[in-house]
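> Pasting in a structure now, in structure tokens, and then I'll have a few things to ask.
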Amino acid sequence: MGIVPTFDPNFKPTRVNIPQTNLPRIVIVGGGFAGLNLARSLRGKSVQVVLIDKHNYHTFQPLLYQVATAGLEPDSIAYPFRKIFKHQKRFYFRMGEVESIDSASRTVHTSIGDLSYDYLVLATGSRTNFFGMNEVERHAMSMKEIPEALDIRSLMLQNFEAALLSDQLNERDGLMSVIIVGGGPTGTELAGALAELKRHILPKDYPDLDVRRMSINVVEAAPRVLAAMSEDASKEALEFLENMGVDVWLDKRVKSFDGHQAVCHDGTVIQGNTLIWAAGVQGNPVLGIPEEHIVAGQRVTVDAFGRFGEREFAIGDVANLVNEDWPKGHPMLAQVAIQQGKLLAQNLERYIAGKDMKPFSYRDLGSMATVGRNKAVVDLPRFRFQGAGAWFIWMFIHVIQLIGFRNKLVVTLNWMYNYFRYARDIRLIIRPYRKSVEDEEFVDVTSR
Ligand SMILES: Cc1cc2nc3c(=O)[nH]c(=O)nc-3n(C[C@H](O)[C@H](O)[C@H](O)COP(=O)(O)OP(=O)(O)OC[C@H]3O[C@@H](n4cnc5c(N)ncnc54)[C@H](O)[C@@H]3O)c2cc1C
């Protein structure tokens, strides 16, 4: 007897089935920090909420680098939407990808059919920006989603396994070495975590390799790392990185990478087979948004309330909200997305009731980055501090922001275990990463 398929991947319904209601329907596209906080804040309000996301879980992006460096399991930084909203009435989640919007007919076109809305909120976040450098994009790894972080973990471990098989010194060095482009928080944190792997874990795992020859490089176009933070934070982070053996290349822009070496605009050549791109993101809009609303960086220009149409709104990374304080738009940060999501819930209620909406005003709560064990930098509006105290604050803030008690507990226990045992036990190549470089075919790792 043949196997009866339970799911036909080619089946595409014509419309998304959501119960009819007399209440206004708010369709939220994307359950990142912005969409999630909006949907949660709409709890108890007289509206129907439909959240559409291409994944069935929320991702806590600030800890992706720990998944990529075998510090945390992917499950501990993700949380299923159905669990988050299980008690929220008049809330519907559908897993699907929104392809385009049609504001004239108030419809979103998705991979699971069409859906009409009364109010639409685009919260689709951002995607990696390679600034048109196709060759770099083809060979580089990016780190925006959990599958990508797992690919980085697999690739680095696969390269170490491959290095064991090589009798060429140059080849072994290249396989072990990593180039991180971008010295912002992501690049700095990633480099620090890799330096700890190099120091405490890899020499024991690979005694047959001279792991001291592994080079970890951070290439930054600005004259300092953590350029968005204070000078003190940059200085301290640079010192931390250099003491941990990371090669930091400042004032340099990578212009090409062929899978073995990166070449900078001034001719500097940096060797390494793994290049991780942490040098920039751009907005991630869908089709159908009037062209005049899309600005450089692919963000959607919105007014002070997040509106780009009569009933269309955008929040979070994808939104370009310009005001006196932020003439170039707000930074693409979790706090901006969270605050915009929460305010829009209040504003939608007011808008529907015919009342005036409140303009968005960002409250900067500060920024922080960790470089490794007992090493972090924290810039708060009134205080700045670095070192072990900053590291504990960094951990505390990240744990409380995670969604779900299980995740908070698992991450705390993992960090305690890793701290006392100098451990990174998730060094698993569960789903080997394959780059199709020979035939020059670009593999979109996120589509797997
Ligand atoms: C590696 C990394 C580290 C970071 N570290 C920090 C940090 O330390 N501090 C900080 O403040 N910020 C940090 N950020 C930035 C922060 O994560 C973003 O600013 C924040 O996630 C933006 O929230 P958002 O809701 O706009 O978008 P996202 O969180 O990106 O969410 C977008 C959602 O939309 C979904 N989606 C996208 N397109 C579609 C579609 N067409 N159809 C359906 N669903 C779709 C996605 O699946 C996703 O769930 C980091 C980002 C990265 C990548």
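The values are calculated or read from the model by the stated rules, or taken from the named source; none is laboratory data. As the structure is a prediction and not an experimental result, all values here were calculated from the model. Glycine gets a Cβ as well: all are built from the backbone with ideal geometry, and neighbour counts include every protein chain shown.
> Which number in (1) in contact with a Leu (Cβ under 9 Å, 6 or more places away or on another chain); (2) surrounded by 17 or more Cβ atoms within 10 Å (Cβ to Cβ) marks the one condition that residue 358 misses?
Result: residue 358 passes all but (2).
> If only one of 224, 212 is over 28 Å from residue 124 (Cα atoms) and either in contact (Cβ under 8 Å) with a residue 60 or more places away in the chain or outside any loop (DSSP other than H, G, I, E, B) (or both), which one is it? I'd like the intermediate steps shown before the answer.
Working: 224 fails: either in contact (Cβ under 8 Å) with a residue 60 or more places away in the chain or outside any loop (DSSP other than H, G, I, E, B) (or both).
Within the list 224, 212, the selection yields 212.
> Taking residue 403 and the conditions (1) surrounded by fewer than 22 Cβ atoms within 10 Å (Cβ to Cβ); (2) within 23 Å of residue 228 (Cβ to Cβ); (3) within 16 Å of the ligand (Cβ to nearest atom), which numbered condition does it fall short on, given that it satisfies the others?
For residue 403, the failing item is (2).
> Among (1) farther than 27 Å from residue 234 by Cβ; (2) assigned by TED's automatic domain parsing to the domain that holds residue 242; (3) not hydroxyl-bearing (Ser, Thr, Tyr), there is one condition residue 378 misses while meeting the rest; what is its number?
(1)
> Next question, about the same structure. Suppose we filter the range 386-399 for residues that are over 21 Å from residue 334 (Cβ atoms) and either surrounded by fewer than 20 Cβ atoms within 10 Å (Cβ to Cβ) or of a type in the set (Val, Ile, Thr) (or both); how many remain?
Going through the range 386-399 one residue at a time, the tally reaches 3.
> Looking at the range 336-383, which of the residues that are modelled with pLDDT under 95 and over 25 Å from the mean Cα position of the chain (by Cα) is farthest from residue 420 (Cα to Cα)?
382
Okay, residues lined up against (1) within 30 Å of residue 14 (Cβ to Cβ); (2) touching a Pro at 6+ places or on another chain (Cβ under 7 Å); (3) assigned by TED's automatic domain parsing to the domain that holds residue 258; (4) within 9 Å of the ligand (Cβ to nearest atom):
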site: 109; (1), (2), (3), (4): yes, no, no, no
site: 112; (1), (2), (3), (4): yes, yes, no, no
site: 116; (1), (2), (3), (4): yes, no, no, no
site: 120; (1), (2), (3), (4): yes, no, no, no
site: 123; (1), (2), (3), (4): yes, no, no, yes
site: 139; (1), (2), (3), (4): no, no, yes, no
site: 144; (1), (2), (3), (4): no, no, yes, yes
site: 147; (1), (2), (3), (4): yes, no, yes, no
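Results for (1) of a type in the set (Lys, Arg); (2) in the same structural domain as residue 320 (by TED's automatic domain parsing), shown as yes or no for each residue.
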residue: 216; (1), (2): no, no
residue: 220; (1), (2): no, no
residue: 228; (1), (2): no, no
residue: 235; (1), (2): yes, no
residue: 238; (1), (2): no, no
residue: 290; (1), (2): no, yes
residue: 302; (1), (2): no, yes
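> With (1) under 30 Å from residue 367 (Cβ atoms); (2) in contact (Cβ under 8 Å) with a residue 60 or more places away in the chain as the list, and residue 157 as the residue in question, which single condition is left unmet?
Among (1) under 30 Å from residue 367 (Cβ atoms); (2) in contact (Cβ under 8 Å) with a residue 60 or more places away in the chain, the lone unmet condition for residue 157 is (1).
> Counting only residues that are within 16 Å of the ligand (Cβ to nearest atom), of a type in the set (A, V, I, L, M) and out of contact with any Phe, Trp or Tyr (no Cβ under 7 Å at 6 or more places or on another chain), how many does the range 185-202 have?
Matching residues across the range 185-202 total 2.
> While we're on this one: Counting only residues that are part of a loop (DSSP other than H, G, I, E, B) and in contact (Cβ under 8 Å) with a residue 40 or more places away in the chain, how many does the range 348-373 have?
5
> Follow-up question, since we're still on this one. Please verify whether the range 27-43 includes one or more residues that are aromatic (Phe, Trp, Tyr) and more than 13 Å from the ligand (Cβ to nearest atom). Please lay out each step first, then the result.
Filtering the range 27-43 for residues aromatic (Phe, Trp, Tyr) gives 33.
Adding the requirement that they be more than 13 Å from the ligand (Cβ to nearest atom) leaves none.
No; the residues of the range 27-43 include none that is aromatic (Phe, Trp, Tyr) and more than 13 Å from the ligand (Cβ to nearest atom).
> Please go through (1) outside any strand (DSSP E or B); (2) touching a strand residue (DSSP E or B) at 6+ places or on another chain (Cβ under 7 Å) for residue 378 and return the number of the only condition it doesn't satisfy.
(1)
> Just to verify a result, which residue in the range 149-184, among those that are assigned to a loop (DSSP other than H, G, I, E, B) and away from the ligand (no atom under 13 Å from the Cβ), is surrounded by the most Cβ atoms within 10 Å (Cβ to Cβ)?
From the range 149-184, those assigned to a loop (DSSP other than H, G, I, E, B) are 166-168, 177, 182-184; that's our starting set.
From what's left, away from the ligand (no atom under 13 Å from the Cβ): 166-168, 177, 183.
Values: 166: 14, 167: 6, 168: 10, 177: 23, 183: 29.
Once the filter is applied, the top-ranked residue is 183.
> What's the total number of residues in the range 44-67 that are out of contact with any strand residue (DSSP E or B) (no Cβ under 8 Å at 6 or more places or on another chain) and within 13 Å of the ligand (Cβ to nearest atom)?
The total comes to 7.
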